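Worksheet for the structure shown next.
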Amino acid sequence: MPRAAVLVLCVLLPACAGFPDVDAAESALADSPPPQLLPTEDLLARAAIPGRAEVAGESVAARAARLKARAAWLRAMPVR
């Protein structure tokens, strides 16, 4: 029984500690203005800039091809 009490004490004791970084962040956020909310149309217009989707699509397609090749290689490996 004493071991269990020591274990519980060791587990619960750190819960009493303060977190100065969290407290400092909360006080900094309290003094700052709230974030600006943007209309959805503006966000969608920014995302639809020509050139971005093509570059992102190529990198995703290349990554998908590499992952499919790796999966095929792993399937071909003998199971021990």
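The values are calculated or read from the model by the stated rules, or taken from the named source; none is laboratory data. None of these values were measured; they are calculated from a predicted model. Positions of Cβ are backbone-derived with ideal geometry, glycine not excepted, and every protein chain shown enters the neighbour counts. Quick note on the areas: whole protein, heavy atoms, side chains included, nothing else; ligands and nucleic acids left out. Shrake-Rupley method; radii C 1.70, N 1.55, O 1.52, S 1.80 Å.
Figures for the structure shown
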{"quantity": "Order of exposure, largest accessible area first, which applies to Arg63, Arg80 with probe 1.4 Å", "calculated": "Arg80, Arg63"}
{"quantity": "Virtual spin-label span in nm between Val6 and Leu37, 7 Å along Cα→Cβ", "calculated": "5.6"}
{"quantity": "Accessible area of Leu13 in the full protein assembly, 1.4 Å probe (Å², nearest 10)", "calculated": "110"}
